[in-house]
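K.L.:
There's a structure below that I have some questions on.
FYI, it's all coordinate maths here, none of it is from the lab. All of these numbers come straight from a predicted model, not from anything done at the bench. Cβ sites come from the backbone with ideal geometry, for glycine too, and all protein chains shown count toward neighbours.
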Amino acid sequence: MPRVSAIQPTDEELLARVADGDRDAFGDLYQRYARAVLGLAIRRLGDRGRAEDAVQEAFTSVWRAARTYRRERGPAAPWLYAVARNAIADRGRARTEPPAEPTDSHSDEPGPPEQAEQSWVSYRVHRAMEDLPENERTVLELAYWSGLSQSEISDFLGIPLGTVKTRTRSGLHRLAEALEEELG
Amino acid sequence: MSGPDFVDLVGDEGTPEELERLRRAHRMLIEAGPPPELSPRLSDAPAAPSSRSSLVPRRRRGAAFLLAAAVVASAFGIGLLVGDRNSSGFTQVLARPMHGVGQLASARATLAVGEQDSAGNYPLKMTVRGLPSLEHGGWYELLLSKDGRPTLSCGSFDVATQGVTVRLSVPYDLSKFPDLYDGWVVVKREPKQRQAPVVMTT
């Protein structure tokens with residue numbers, strides 16, 4: 001079952017309804033973004049437990065701040081990203097232990113600007129995946145994140161190899177379209 | 001950073017521009033890595049703060065009235081304890097772990113919600129460990145909760161041993177979970193005592 005189809009409300013429409021106190025819309029928005037925000041939080045905080053706390057705080061902030069969103073100023077995804085990032089940063093500042101992110105200047109790890117860029121890309125990719133038709137998303141997840149070959153995906157899903165290839169290509173097309181801004 | 005081979009995945013058919021566009025999406029997928037799975041704790045949206053609007057939306061106030069009536073009804077035992085004999089046919093649609101609080105912090109339970117039956121009831125199955133058997137006619141009561149506060153009774157039970165599985169059935173619309181209620185608690189009841197301390201929570 002596709003999580004989002006053409007007849008589903010857009011993120012902007014959901015956010016407008018959240019601003020009016022619509023809890024169902026809030027739940028829908030949560031389902032679309034929760035994994036992306038959790039990924040962002042884990043990347044920033046380096047700790048699953050605190051990241052989960054941050055996700056809940058982030059969405060509580062979304063509920064509270066939804067009225068400040070202005071559709072004419074841009075899409076909902078960057079707005080939600082900013083709200084989530086602030087909530088995650090607040091959670092990071094609240095900790096007493098040393099930061100999880102590397103601060104050693106000699107480290108090979110990417111610096112803060114690169115980390116921020118990677119976080120944004122991951123957030124957008126994860127969010128965009130939520131919008132793909134189920135059959136395309138499943139094939140991409142198995143290929144990219146489960147390490148299955150096309151033949152293994154064919155066996156696993158019980159569908160012809162040609163269908164796997166068609167869905168893979170179609171899914172990548174949709175993803176590229178959704179990520180057009182990041183692709184430049 | 002590693003991932004599947006682009007050509008293996010999509011072949012080499014298409015214009016150079018199209019292939020380059022797909023290749024960039026391919027790279028971003030690899031760079032992003034898999035999103036984390038949501039734990040049961042994050043499976044539903046957090047309870048929205050009540051300061052912005054009333055707890056129950058206007059269009060649901062009729063339903064809230066029915067639920068209030070259900071509270072009264074359940075107080076008279078509609079939450080039915082049916083034991084564990086009908087173990088077949090239970091299809092779980094929701095599960096929540098529960099843990100003890102206070103002196104019973106080591107107690108654990110798993111609460112499973114089954115599919116709504118044709119009469120509109122939801123079966124519940126709860127496996128409890130670590131709660132002591134109560135003396136002097138005491139019993140435990142399972143209640144739905146909202147923001148940690150007990151709301152609707154889901155029935156009563158006792159534990160004769162350290163581990164017990166009980167089955168209950170409730171008439172409430174649990175599809176509203178976690179909107180009207182977001183968890184469960186177990187309270188301890190004792191005869192002639194108005195206080196019912198919470199001993200377990202989700």
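K.L.:
Where Lys and Arg each count +1 and Asp and Glu each count -1, what net charge lies around residue B:182 among other residues with Cβ under 12 Å from its Cβ? Can you show the working numbers first?
P.N.:
On the way: positive: A:23, B:41, B:96, B:146, B:149, B:176; negative: B:44, B:147, B:179.
Charge balance in the 12 Å sphere: +3.
K.L.:
Okay, moving on. Under 18 Å from the Cα of residue B:125, which aspartates and glutamates turn up, not counting those fewer than eight places away in the same chain?
P.N.:
Here the aspartates and glutamates satisfying the reach criterion relative to residue B:125 are B:84, B:115, B:117, B:141, B:158, B:173, B:182.
K.L.:
Could you give the length gained on full extension between residue A:20 and residue A:152, defined as 0.36 nm per residue of separation minus the Cα-Cα distance, in nm? The partial results should precede the final answer.
P.N.:
On the way: separation 132, 0.36 × 132 = 47.52 nm, distance 4.72 nm.
Result for the pair: 42.8 nm of gain on full extension.
K.L.:
Within the range B:96-165, report the GluC sites (Glu not before Pro) that DSSP leaves as loop and that have at most 14 other Cβ atoms within 10 Å.
P.N.:
Numbers: sites: B:115, B:135, B:141; in loops: B:115, B:135.
Here the sparse-neighbourhood loop sites are B:115, B:135.
K.L.:
With the crude spin-label approximation of a point 7 Å out along Cα→Cβ, what separation in nm comes out for residue B:37 versus residue A:161?
P.N.:
3.0
K.L.:
What are the chymotrypsin sites (Phe, Trp or Tyr not before Pro) within the range A:119-156 that DSSP puts in a loop, where the Cβ has at most 12 other Cβ atoms within 10 Å?
P.N.:
Numbers: sites: A:120, A:123, A:144, A:145, A:156; in loops: none.
Answer in residue order: no site qualifies.
K.L.:
Using the Cβ atoms and a cut-off under 11 Å, what net charge is assigned to the surroundings of residue A:9, where Lys and Arg are +1 and Asp and Glu are -1?
P.N.:
Numbers: positive: A:17, A:32; negative: A:11, A:12, A:13, A:22, A:24, A:28.
Net local charge, residue A:9 excluded: -4.
K.L.:
Same structure, new question: Let's test the formula: R0 of 35 Å, r as the Cβ-Cβ distance of residue B:116 and residue A:93. What FRET efficiency results, to the nearest 0.05?
P.N.:
Details: r = 45 Å, r/R0 = 1.28.
Efficiency, rounded to the nearest 0.05: 0.20.
K.L.:
Still on this model: Using the basic label-point model (7 angstrom from Cα toward the beta carbon), what is the residue A:48 to residue B:135 distance in nanometres?
P.N.:
4.2
K.L.:
Excluding same-chain residues fewer than 8 positions from residue B:176, which lysines have a Cα within less than 17 Å of its Cα?
P.N.:
B:146
K.L.:
Counting other Cβ atoms within 10 Å of each Cβ, which GluC sites (Glu not before Pro) in the range A:138-184 have at most 16 and sit in a DSSP loop? List each step's numbers first, then the result.
P.N.:
On the way: sites: A:141, A:152, A:177, A:180, A:181, A:182; in loops: none.
Here no GluC sites (Glu not before Pro) fit, given the DSSP loop and packing criteria.
K.L.:
Taking θ = phi - 60°, what integer Hz values does the Karplus form 6.51 cos²θ - 1.76 cosθ + 1.60 yield along the range A:38-50, in sequence order, with x for Gly and Pro?
P.N.:
Each residue's phi maps through the Karplus curve to give 5, x, 4, 5, 5, 4, 7, 9, x, 8, 4, x, 6 Hz.
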